[in-house]
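A quick write-up on the structure given underneath.
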Amino acid sequence: MSQRIRVGVMFGGRSGEHEVSLASAYSVMTHLDPARFDVVPIGIAKDGRWLAGGEAWPQLRADARIALGPSDADVPRGLLDETNAGALTRLPGGALETRPAAVLGQIDVVFPVLHGTNGEDGTMQGLLELADLPYVGPGVAASALAMDKVQSKRVLESAGIPQCDWREVRRCDLERDPERVLATCAEMGWPVFVKPANLGSSVGISKVHGPDELPAALALAARFDRRLIVEAGVPDAREIEVAVLGNDEPQASVAGEVVPCEEFYSYEAKYINPDSELMIPAPLSEAMAQRIGELAIAAYRALDLAGLSRVDFLVPRGTEEIYLNEVNTIPGFTPISMYPKLWAASGLSYDDLLARLVELAVERHRDKSRSATSI
Ligand SMILES: Nc1ncnc2c1ncn2[C@@H]1O[C@H](COP(=O)(O)OP(=O)(O)O)[C@@H](O)[C@H]1O
Ligand SMILES: [Mg+2]
């Protein structure tokens, strides 16, 4: 890449992970090499309004529910002038009332640092496909599949990837015939984990120790999604994570381990209580580390992922068993987040990782452009 590249960094979004996205995007914007990249901040407010250019970061930061720490002093002001930015601001409820291409048209590559719904789930990727823009991360179907804990389990099952026992629960069935749903879940024994099918950051997730706790856990998850997943608890689970990078020839990083400070890796353990720890590399036998890396790549291929993803596993302590837990296509991206730390430990610095992700986005777009769209 010889000429300068204008990277539109998207952050915020209509998602429970809005604030986490701001923290990740701040790091991305301040670490993209200014010698090679012009950063165009694109913020999406909680109500769906788009803000581009210099006003995006200060405004979203001011509205954030949690303290974000970093000041906005060194976030690049962006290239979009007021007139162009205006094209993105009239999007009530996120509906596309105006032409996003007016602004997206000035950008070479989009880096959607949007976690969760309306960002990591294929919806934004669809918009970027229509705008015919290269973007960091997997495409529409792969993003949607990886986000959906039920559908991804189905695909990974067909690829022979080991996973825990699970049941799908539809909200409509829970409302119509709760007894039957409770009986289906009880078949797996205890504990079980109840989760909304499409969410992240452990929002709406409960560890259920026995049948008494199940109805409340199902009701909580059903507030967030019309489909739920109930999984058999992996006993005394170590949490092992692998960073995967690449398009057609993905590479796996060393494995890392999360040691949550709570009973499981809950929202509090992730973002509020500072006592959760990361161990990189994870203390694993060479054979286990190798196998986990292979499974991460196999899952990446099965889901047709591209760019990047973090693949998370559960390993019952003291055993050689491995269960794939989930795949995150836009993982946390601050310099102390697992994904970039795993690459740093594997010899790729944070700044070089960002540059590589932009390259991969361009490569993938070029490759897709080779496919015929008419007969
Ligand atoms: N089947 C399971 N067995 C044991 N622990 C689990 C299981 N599923 C989830 N957990 C715990 O709950 C956490 C959050 O679940 P996860 O599926 O990763 O949701 P999220 O997408 O919100 O990160 C995990 O990091 C782990 O601590
Ligand atoms: Mg997780």
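Bear in mind these aren't lab numbers, they're just calculated from the coordinates by the rules spelled out. All figures in this text were calculated on a predicted structure; none of them were measured in a lab. Here Cβ is always computed from backbone atoms with ideal geometry, including for glycine, and neighbour counts include all displayed protein chains.
Below 8 Å, C-alpha to C-alpha, sequence gap of six or more: please give me the relative contact order for region 165-232 in percent.
Across region 165-232, relative contact order equals 47 percent.
Under the rule of at least 5 residues apart or a separate chain, name every residue whose amide H is placed under 5 Å from the amide H of THR117.
Those qualifying (amide H under 5 Å, at least 5 residues apart or on another chain) are GLY16, GLU17.
So what are the ³J(HN,Hα) numbers for region 292-308, from phi and the Karplus equation (6.51, -1.76, 1.60; θ = phi - 60°), rounded to whole Hz, Gly and Pro as x?
Taking θ as phi minus 60°, the curve returns 5, x, 5, 5, 4, 5, 4, 5, 4, 5, 4, 8, 6, 6, 8, x, 8 Hz for region 292-308.
Placing +1 at every Lys and Arg Cβ and -1 at every Asp and Glu Cβ, with all other atoms neutral, what dipole size does the chain have around its Cα centre, in debye to the nearest 20?
It works out to roughly 880 debye.
When ranked by the protection proxy of mean other Cβ atoms within 10 Å per residue, highest first, what sequence do the peptides 309-319, 155-165 form?
309-319, 155-165
What's the center-to-center distance, using Cα atoms, between region 318-337 and region 1-47 in Å?
Spelled out, the Cα-based centre of one part sits 23 Å from the other.
Take the cross-link list LYS153/LYS207; LYS46/LYS368; LYS341/LYS368 and give me the ones stretching past 27 Å between alpha-carbons.
Over 27 Å Cα-Cα: LYS46/LYS368; LYS341/LYS368.
Looking only at ALA282, ALA345, ALA183, which one moves most when the chain is put into a Gaussian network model with springs between Cα atoms under 10 Å?
Largest GNM mean-square fluctuation: ALA183.
Can you bin region 303-359 into rounded, prolate or oblate? Criterion: square roots of the alpha carbon gyration tensor eigenvalues sorted a ≥ b ≥ c, rounded for a/c under 1.5, prolate for a/b above b/c, oblate for the rest.
Judged from the Cα gyration tensor, region 303-359 comes out prolate (a/c at least 1.5, a/b above b/c).
Taking +1 at the Cβ of each Lys and Arg and -1 at the Cβ of each Asp and Glu, which of LEU133, PRO274, ALA299 sits farthest along the dipole of the chain towards its positive end, judged by Cα position relative to the Cα centre?
Going by the charge dipole, the pick is LEU133.
On C-alpha positions alone, give me the angle between the axis of helix 149-158 and the longest principal axis of the chain, in degrees, nearest 10.
In the chain, helix 149-158 runs at an angle near 80 degrees to the longest axis.
Could you go through region 140-146 in sequence order and give the Karplus-derived ³J(HN,Hα) for each residue, using 6.51 cos²θ - 1.76 cosθ + 1.60 with θ = phi - 60°, rounded to whole Hz, and x for Gly and Pro?
3J(HN,Hα) across region 140-146, in whole Hz: 4, 5, 5, 5, 5, 5, 5.
Rounded to the nearest 500, what is the 222 nm mean residue ellipticity of the chain from helices alone, with -39500 (n - 2.57) per DSSP H run of 4+ residues and division by all residues?
So the helix-based figure for the chain works out to -10000 deg cm²/dmol.
Just to verify a number: FRET efficiency for ASP38 and ALA298, C-beta to C-beta distance, R0 = 56 Å, to 0.05?
The value I calculate is 0.90.
Residue by residue through region 175-185, what is 3J(HN,Hα) from phi via Karplus (6.51 cos²θ - 1.76 cosθ + 1.60, θ = phi - 60°)? Round to whole Hz and write x for glycine and proline.
Karplus values, whole Hz, x for Gly and Pro: 6, 7, 9, x, 4, 5, 4, 4, 5, 4, 5.
How large is log10 of I(q)/I(0) for the chain at q = 0.09, 0.12, 0.14 Å⁻¹ when the intensity is taken from the Debye formula with one equal scatterer per alpha-carbon?
Result of the Debye calculation: -0.51, -0.91, -1.22.
Take the chain, connect every pair of alpha-carbon atoms lying under 10 Å apart with a spring to form a Gaussian network, then pick out the residue of GLU359, GLU241, GLU249 with the largest mean-square fluctuation.
Comparing GLU359, GLU241, GLU249 in a Gaussian network model of the chain, the most mobile one is GLU249.
Would you mind checking which residues have amide H under 5 Å from ARG238's amide H? H placed 1.01 Å from N; only 5 or more apart, or other chain.
Close amide H contacts, sequence-distant or interchain: VAL315, ARG317.
Cut-off 10 angstrom, C-alpha nodes, Gaussian network model of the chain. Which of ALA35, ALA232, ALA252 fluctuates the most?
ALA35
Please say if region 191-249 is rounded, prolate or oblate, where rounded means a/c under 1.5 for a ≥ b ≥ c the square roots of the C-alpha gyration tensor eigenvalues, and otherwise the choice is prolate for a/b larger than b/c and oblate otherwise?
In terms of gyration-tensor shape, oblate.
Order by neighbour count: MET338, MET188, fewest other Cβ atoms within 10 Å first, most last.
MET188, MET338
By how many degrees, 0 to 90 and rounded to 10, does the Cα axis of helix 350-369 deviate from the longest principal axis of the chain?
80
Taking amide hydrogens as modeled 1.01 Å from N in the peptide plane, which residues meet the under 5 Å criterion relative to GLN163, leaving out close sequence neighbours?
For GLN163, whose amide H was placed from the backbone, the distant partners under 5 Å are LEU324.
What's the extension gain from ARG317 to GLU262 if we count 0.36 nm per residue and subtract their Cα-Cα distance?
18.1 nm
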